[in-house]
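**Student:** The structure under discussion is supplied below as structure tokens; questions concerning it will follow.
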Amino acid sequence: MTVNMTKGQAISLQKSDGASLTSVRMGLGWQAAARRGLFGSRTKEIDLDASAVLFADKQPRDVVFFQHLVSDDGSVRHTGDNLVGGAGSGGDDESILVDLSRVPVHIDQIVFTVNSFTGQTFQEVQNAFCRIVDETNGQELARYTLDGGGHYTAQIMAKVHRVKDGWQMTALGNPANGRTFQDLIPSILPHL
């Protein structure tokens, strides 16, 4: 059963039988919003980029994004860059796989961000979401839907963080501005 999350809500990443999840996928989907023009509605391709920033003691230690597809330790993997979106409320346009059992013990938080490298704002995006899926069986566990557009070029979507007996996901949904994950670090830090 999927939990539709609200901003700031946290859920435990445990299976229904109480066992800890071992592998999750953070999926990102979006569509270009239709624009009214002189000759009717049209859409413009939107290139959003998903990133996962790995933190230890509030310091960025590694990142996974379209130019660095696998974390240095191999526990986090990006499946590849999607330049146009289109899945919207359906499947994932970009995915980041996290093998929770392999994440080094010193990494205590993984923050997932979305940014528009080309500088398009979220006013040009619709049906954007991120979701957590149990990668072992394909079951969607949680979904956070981005409501409404805005004059910003990035979103700090969610974080997966250690708790004493496993992992937890928190929906963040904070708008930011930046074309790359590096631009977003100052906006991420208050959420750690």
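The values are calculated or read from the model by the stated rules, or taken from the named source; none is laboratory data. In this text, all values refer to a predicted model and were calculated from it rather than measured experimentally. Cβ placement follows ideal geometry from the backbone for every residue including glycine, while neighbour counts extend to all protein chains displayed. The accessibility values were calculated without ligands, DNA or RNA, using every heavy atom of the protein model including side chains. Shrake-Rupley method; radii C 1.70, N 1.55, O 1.52, S 1.80 Å.
**Student:** Do we find that VAL133 is open to solvent by 10 Å² or more (accessible area, probe 1.4 Å) and closer than 23 Å to LEU100 by Cβ in this structure?
**Tutor:** On the way: open to solvent by 10 Å² or more (accessible area, probe 1.4 Å): no; closer than 23 Å to LEU100 by Cβ: yes.
Spelling it out, it is not the case that VAL133 is open to solvent by 10 Å² or more (accessible area, probe 1.4 Å) and closer than 23 Å to LEU100 by Cβ.
**Student:** Please determine whether any residue of the range 86-93 is at pLDDT 80 or above, in contact with a strand residue (DSSP E or B) (Cβ under 8 Å, 6 or more places away or on another chain) and farther than 16 Å from ASP47 by Cβ.
**Tutor:** The answer is no, given that none of the residues of the range 86-93 is at pLDDT 80 or above, in contact with a strand residue (DSSP E or B) (Cβ under 8 Å, 6 or more places away or on another chain) and farther than 16 Å from ASP47 by Cβ.
**Student:** Identify, by number, the condition in (1) closer than 23 Å to ARG179 by Cβ; (2) modelled with pLDDT under 75; (3) open to solvent by 60 Å² or more (accessible area, probe 1.4 Å) that ASP17 doesn't meet.
**Tutor:** (1)
**Student:** Report the residue count in the range 144-192 for those that are open to solvent by 50 Å² or more (accessible area, probe 1.4 Å), in a strand (DSSP E or B), modelled with pLDDT of 85 or more and within 22 Å of ASP47 (Cα to Cα).
**Tutor:** Number satisfying all stated conditions: 1.
**Student:** Further, regarding this structure: Test of understanding: among LEU100, LEU141, which residue is closer than 20 Å to ILE11 by Cβ, modelled with pLDDT under 85, in contact with a strand residue (DSSP E or B) (Cβ under 7 Å, 6 or more places away or on another chain) and among the aliphatic types (A, V, I, L, M)?
**Tutor:** Step by step, each of LEU100, LEU141 is checked, and only LEU141 is closer than 20 Å to ILE11 by Cβ, modelled with pLDDT under 85, in contact with a strand residue (DSSP E or B) (Cβ under 7 Å, 6 or more places away or on another chain) and among the aliphatic types (A, V, I, L, M).
**Student:** Can you say whether GLY138 is without any contact (Cβ under 8 Å) to a residue 60 or more places away in the chain and surrounded by fewer than 21 Cβ atoms within 10 Å (Cβ to Cβ), as far as the supplied structure shows? Walk me through how you get there before you give the answer.
**Tutor:** Working: without any contact (Cβ under 8 Å) to a residue 60 or more places away in the chain: yes; surrounded by fewer than 21 Cβ atoms within 10 Å (Cβ to Cβ): yes.
Taking the combined requirement at face value, the residue satisfies it.
**Student:** Just the residues that are within 14 Å of the chain's Cα centre (by Cα), of a type in the set (S, T, N, Q) and over 15 Å from ASP183 (Cβ atoms), please, taken from the range 88-123.
**Tutor:** Selection gives SER95, GLN109.
**Student:** Still on this model: Kindly list, by first and then second residue, each pair from a residue in the range 65-79 that is more than 15 Å from SER23 (Cβ to Cβ) to a residue that is acidic (Asp, Glu), limited to pairs with Cβ atoms under 6 Å and residues at least 6 apart or on different chains.
**Tutor:** PHE66/ASP49; PHE66/ASP81; ASP72/ASP62
**Student:** Please tell me if THR136 is at pLDDT 85 or above and either touching a Cys at 6+ places or on another chain (Cβ under 9 Å) or assigned to a strand (DSSP E or B) (or both).
**Tutor:** Values: at pLDDT 85 or above: yes; either touching a Cys at 6+ places or on another chain (Cβ under 9 Å) or assigned to a strand (DSSP E or B) (or both): no.
Taking the combined requirement at face value, the residue does not satisfy it.
**Student:** For the range 113-130, enumerate the residues that are outside any loop (DSSP other than H, G, I, E, B) and open to solvent by 10 Å² or more (accessible area, probe 1.4 Å).
**Tutor:** GLN123, GLU124, VAL125, GLN126, ASN127 - these are the residues of the range 113-130 that are outside any loop (DSSP other than H, G, I, E, B) and open to solvent by 10 Å² or more (accessible area, probe 1.4 Å).
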